[in-house]
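The values are calculated or read from the model by the stated rules, or taken from the named source; none is laboratory data. Predicted model, so just to flag it, every value in this text is computed and none were measured. Here Cβ is always computed from backbone atoms with ideal geometry, including for glycine, and neighbour counts include all displayed protein chains. These area figures cover heavy atoms from the full protein model, side chains too; ligands, DNA and RNA do not enter into them. Shrake-Rupley method; radii C 1.70, N 1.55, O 1.52, S 1.80 Å.
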Amino acid sequence: MSVNKLKILNDPIYGFITIPNPLLYDLIQHPYFQRLRRISQMGLSYLVYPGAHHTRFHHALGCMHMMQKAIEVLKFKEVQISKEEENALLIAILLHDIGHGPFSHAMEHSIVENVNHESISLLFMNELNREFKGQLSLAIQIFRGEYPRKFMLQLISSQLDMDRMDYLKRDSFYTGVAEGNINSDRLIQMLNVVDDVLVMEEKAIYSIEKFLMARRLMYWQAYLHKTSLVAELILTKTLKRAKALTLQGIVLPASKSLSFFLKNKIEKEDFNPEVLAQFAQLDDYDIVSALKVWQYEDDFILSSLSKMIINRDLLKIKLSSEKFLSTEIEALQKKLSSQAGISIQDSEYFIFKGKIKNQAYSKEAEPIHILKKDKSIEDVVEASDQLNLKALSKPVTKYYICYPKQLLEN
């Protein structure tokens, strides 16, 4: 029986999203991609914004939809894009986040060592390419930045790409942070290509300013919100503690795939097909199930950290524009060490410092090119008459310190 693979999906933001061909349908149906239904788009941000339960699956489909619209606009403006290139762009943007681990970034700093999600996405794409007999080769070439037509990579990964256009609009919608809402339709209508480089028509300048401002505000209000930040840091510490205990020979209850990553030191070069298959089984459910059980483990550190996330009873976090002194950290660690009867070294699981950076627009990266009426091309910062764009391109750094609330009470 033949299956209708030209499906229409209902999206709360864009309305109907169409799957344009059977290959994209088969990729969406693949277990690697279906796994994204079980990976939260915004990590633990739902502890701050209760509505933020949308997934990487939602986001990837939204990006594909944005790419369809962008291709339509560019073709209308007589930019030559072949059917093969069009298909490759849709595949590359659909799969750009397929390598994300549970709760997105917490995994990258804990149970796998220095492996970013982009590298794992590429590994998944190569594996899918083998399964689909080379039909993803051009998409991989574009994704890796090896295709001569530069604008194609810029549509997938740049300072004004389909990824950012979708996640700002989507995350704004699900969190209720109205400042993040952007006019993606207007931005896409203003896209053009000159000498195979992506440009924005000058008429879009105010929409671009709004887009960059929205990005700046979403970082402070959502992605770098101090409660989201401390929750992710606690999760990272919890996974690190679980890994340390496992390597000491303590058997912790966990799913088969999570146990595999707790028992083994996995770096980028270790990602063979067996490791990738284990990673493909990991999602948010493995982590939440483990935390629910670990809160009753004998190890004081593991059980305390797990309870913090499960019960949303998190560490206190303080932000400052000034660096926190090491003496301040040491004093708190000594206090906790005597209070809880743990070593100074172990107190580092509960008391630590760090920094966060927010930069809406980077002058070091490929600029957003503005196509002026006289056909000259200028960096958006120079083309804009708004001083705030210059301000948005300056990185703002804030420093944080985290410690248990009870240290304040005693």
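Filtering segment 210-223 to residues that are surrounded by 18 or more Cβ atoms within 10 Å (Cβ to Cβ) and within 20 Å of D385 (Cα to Cα) leaves F211, L212, M213, A214, R215, R216. Here is a check on your reading of the model: is I140 open to solvent by less than 10 Å² (accessible area, probe 1.4 Å), part of a helix (DSSP H, G or I) and of a type outside the set (D, E, K, R)? Against the criterion (open to solvent by less than 10 Å² (accessible area, probe 1.4 Å), part of a helix (DSSP H, G or I) and of a type outside the set (D, E, K, R)), I140 does not qualify. Inside segment 235-256, residues that are open to solvent by 50 Å² or more (accessible area, probe 1.4 Å), among the small types (G, A, S) and part of a helix (DSSP H, G or I) make up a count of 0. Picking from residues in segment 1-38 that are of a type in the set (V, I, T) and modelled with pLDDT under 95, the one that is least open to solvent (accessible area, probe 1.4 Å) is V3. So which of G51, G43 ends up being open to solvent by 10 Å² or more (accessible area, probe 1.4 Å), among the small types (G, A, S) and closer than 30 Å to N311 by Cα? Exactly one residue qualifies, and that residue is G51. Residues that are in contact (Cβ under 8 Å) with a residue 12 or more places away in the chain, under 26 Å from P404 (Cβ atoms) and under 23 Å from the mean Cα position of the chain (by Cα) do not occur anywhere in segment 264-279. Scanning segment 224-234 for residues being of a type outside the set (A, V, I, L, M), in contact with a helix residue (DSSP H, G or I) (Cβ under 8 Å, 6 or more places away or on another chain) and either crowded, with 20+ Cβ neighbours inside 10 Å or assigned to a loop (DSSP other than H, G, I, E, B) (or both) gives a total of 2.
Residues that are in contact with a Pro (Cβ under 7 Å, 6 or more places away or on another chain) number at least 2 in the following helices (runs of 4 or more DSSP H) confined to segment 277-350: 284-294. The one condition from (1) among the charged types (D, E, K, R); (2) modelled with pLDDT under 95; (3) open to solvent by less than 40 Å² (accessible area, probe 1.4 Å); (4) not in a loop (DSSP other than H, G, I, E, B) that E118 does not meet is (3). Taking each residue of segment 193-214 that is in contact (Cβ under 8 Å) with a residue 12 or more places away in the chain and small (G, A, S) and looking for partners that are open to solvent by 30 Å² or more (accessible area, probe 1.4 Å) and not in a helix (DSSP H, G or I) with beta-carbon atoms closer than 8 Å, six or more apart or interchain, yields S207/N183; A214/N181.
Inclusion of E179 among residues that are open to solvent by 40 Å² or more (accessible area, probe 1.4 Å), touching a Gly at 6+ places or on another chain (Cβ under 9 Å) and touching a residue at least 12 places away in the same chain (Cβ under 8 Å) is not warranted.
Residues are listed down the side, and each one gets a yes or a no for (1) farther than 23 Å from E108 by Cα; (2) surrounded by fewer than 13 Cβ atoms within 10 Å (Cβ to Cβ); (3) among the hydroxyl-bearing types (S, T, Y):
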position	(1), (2), (3)
D270	no, no, no
E274	no, yes, no
I309	no, no, no
D313	yes, yes, no
